[in-house]
Every structure is written in structure tokens, then in C-alpha cells.
1. Would you list the helices (runs of 4 or more DSSP H) that sit entirely within the range 142-221 and hold 2 or more residues that are farther than 27 Å from Gln93 by Cα?
2. Can you find a residue in the range 122-131 that is aliphatic (A, V, I, L, M), within 18 Å of the chain's Cα centre (by Cα) and open to solvent by 40 Å² or more (accessible area, probe 1.4 Å)?
3. Kindly provide the set of residues from the range 169-182 that are within 16 Å of ligand 2 (Cβ to nearest atom) and out of contact with any Lys or Arg (no Cβ under 7 Å at 6 or more places or on another chain), ordered by number.
4. Please go through the range 18-40 and pick out each residue that is more than 9 Å from ligand 1 (Cβ to nearest atom) and either buried (at least 20 other Cβ atoms within 10 Å of the Cβ) or touching a residue at least 12 places away in the same chain (Cβ under 8 Å) (or both).
5. Go through Glu167, Glu195, Glu203, Glu119 for me and flag whichever is under 16 Å from the mean Cα position of the chain (by Cα) and open to solvent by 80 Å² or more (accessible area, probe 1.4 Å).
6. Lys58: touching an Asp or Glu at 6+ places or on another chain (Cβ under 7 Å) and farther than 30 Å from Leu213 by Cβ, yes or no?
7. Do you know which residues across the range 82-115 are within 8 Å of ligand 1 (Cβ to nearest atom) and open to solvent by less than 40 Å² (accessible area, probe 1.4 Å)?
8. Report, by residue number, each residue of the range 79-103 that is more than 15 Å from the chain's Cα centre (by Cα) and modelled with pLDDT of 95 or more.
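The values are calculated or read from the model by the stated rules, or taken from the named source; none is laboratory data. Since we're looking at a predicted model, the values are computed, not measured. Don't worry about glycine lacking a Cβ; one is built from the backbone with ideal geometry, like all the others, and counts go over all protein chains shown. Protein only, heavy atoms only, side chains kept; ligands, DNA and RNA dropped before computing areas. Shrake-Rupley method; radii C 1.70, N 1.55, O 1.52, S 1.80 Å.
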Amino acid sequence: MARLNLIFLGPPGAGKGTQAEIIAKRFHLTKLSTGDILRDAVRQGTPLGRQAQQYMEKGELVPDDVMLGLVEETLDTVKEGFILDGFPRTLQQAKGLEKILKDRQITIHHVILLQVPDEEIIRRLSARRVCPQCKATYNLLSHPPKEDERCDHCGVPLITRPDDKPETIQKRLDVYRKQTAPLIEYYKERGLLREVSGTGNPEAVTYAIEQVLRNDHPQNG
Ligand code: AP5
Ligand code: MG
């Protein structure tokens, strides 16, 4: 089976992490979520974490050179197809990624763009809760845990991400519009952009992404 390499692009709260988790399992891909890697580094207090924390707390982007170094290092450990969730996020990162992949003769097959209106994003992120242990993501409105604010798998109390405060959500939306949205055009020009509506329930969104992957990649069916 041909190796499948994907990028998940979209505003904060579009469901990139939720869908990347499901699609990675179904298509046997490695999910590389830069946000998760950075949050782990912050929790462990590594030099990367100490550097990243100040940006993440404010809803700003971690500098491009740091992110490119991190992704290059991580990609070298991946042996199968992958999903990049939350990377690239600036034109500089996209160009840097192109070079990293070219040097390794790796191609991206699809850039899946999840589109969700701002009001829905704010509603989703305000209700998001995450497990600090296994990183499972819940939503008090659309996907609540079975027992009051505890992880279904680990039983530990769920937490709210520090950057899911209303003012930081707004900042992340602004940053997305200014710094990340130009990537839509960038990948459209390269014939890689696949737009998927992120507004249905998670199963409907997964189905729409699978349609894209199966139509263009029948060998993965
Ligand atoms: P990151 O962790 O990537 O955050 P983000 O892009 O803001 O996206 P989110 O994780 O908030 O949303 P998501 O699209 O994954 O949605 P989710 O599936 O969780 O980055 C965090 C920070 O790290 C950045 O601000 C930056 O500082 C730094 N960083 C990371 N990458 C970087 C990079 N490349 N360069 C520089 N800095 C970087 O879903 C959201 C909620 O909605 C959940 O509760 C979920 O259960 C629910 N939900 C999901 N799908 C649906 C649905 N279909 N219907 C209803 N509810 C749904
Ligand atoms: Mg995410």
C-alpha cells in the first residue's frame, strides 16, 4: 500500500485533533500534533517547553525556526504515513516543510482544510475538556465524558486548556486569519487543497474526509 501523507489545516477548534486521531487509526498513519508535542514539553519543563509556554499562553505562534527544527526531528522518527495536525501554520513553515520533505523524497498527498464558522468555534472551545494523562478530548456539549468531568479511560479529572479562555480563543482566531489562512491559497496553487466542512457531527466529518482519501487513493480503501 502506498504511503499516505496528510496535512490537517483549519482554525482552532475546527476538529483537526479529533479527526486526525480517527483517520490515523483507520489508515494506519502516525499523527503528529505540534500542539500536543508542545504541551507535553511545557508539562515536562524541557527547554523547548519553557520557550514555547510564553507564546502558547497568549495564543501566539511559537517561532518558525523552533517549529521547523521540532518537526524535522520528529519526522525522522516516523516510519509510516503521517498526518501533520497544526503544522505548518505560516508560509515560512510551509516553505521550510517543503524543503525538509524534498530532501527526504517524501510527498504530501492532500491538505485537508476543515472549515467551521467562528461562532461554532467559540462554542466548541469553551466547552472543550481534555484528559491530562491520555490526552483524550471531550466536549461538554457534543461529546461529554460518561462520569462528571472525568476521563472515560483514565478516571482522572479533566482539565480546560489554558488557551481556551475567551480572550485567548479570540486571539488565536486573529492569528489564524493573519498568519495561517494564507496557506489555503498556497496549497490551492499546488493542487493539494481539499476543503471539507467541519460543521456536521464528528462521524459526518470523518465520512467526508474518508471520501476524499478513498476517491483519490483507491488503494487505501
Ligand atoms: P493547537 O493545539 O494546534 O491548537 P489549535 O490550532 O488552536 O487547535 P485546537 O487544538 O484548539 O483545535 P482542533 O482543531 O484540534 O479541534 P479539536 O479536535 O480539539 O496549538 C496550540 C498552540 O500551540 C498554538 O496556539 C501555538 O501557540 C502553538 N503551536 C502549535 N503548533 C504550532 C505551529 N505549527 N507553529 C507555531 N506555534 C504552534 O476540537 C475542539 C473541540 O470541539 C473539542 O472539544 C471536540 O470534542 C469538539 N469537536 C470536534 N469535532 C466536533 C464536531 N464535528 N462537532 C462538535 N464538536 C466537535
Ligand atoms: Mg488540536
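1. In the range 142-221, the matching helices (runs of 4 or more DSSP H) lie at 202-216.
2. yes
3. Ile169, Arg172, Leu173, Val175, Tyr176 - these are the residues of the range 169-182 that are within 16 Å of ligand 2 (Cβ to nearest atom) and out of contact with any Lys or Arg (no Cβ under 7 Å at 6 or more places or on another chain).
4. First, pick out the residues of the range 18-40 that are more than 9 Å from ligand 1 (Cβ to nearest atom): 22-32, 40.
Selection gives Ile22, Ile23, Ala24, Arg26, Phe27, His28, Leu29, Thr30, Lys31, Leu32.
5. Glu195
6. no
7. Selection gives Asp85, Gly86, Phe87, Pro88, Thr90, Gln93, Leu114.
8. Scanning the range 79-103 gives Gly81, Leu91, Gln92, Lys95, Gly96, Leu97, Glu98, Lys99, Ile100, Leu101, Lys102, Asp103.
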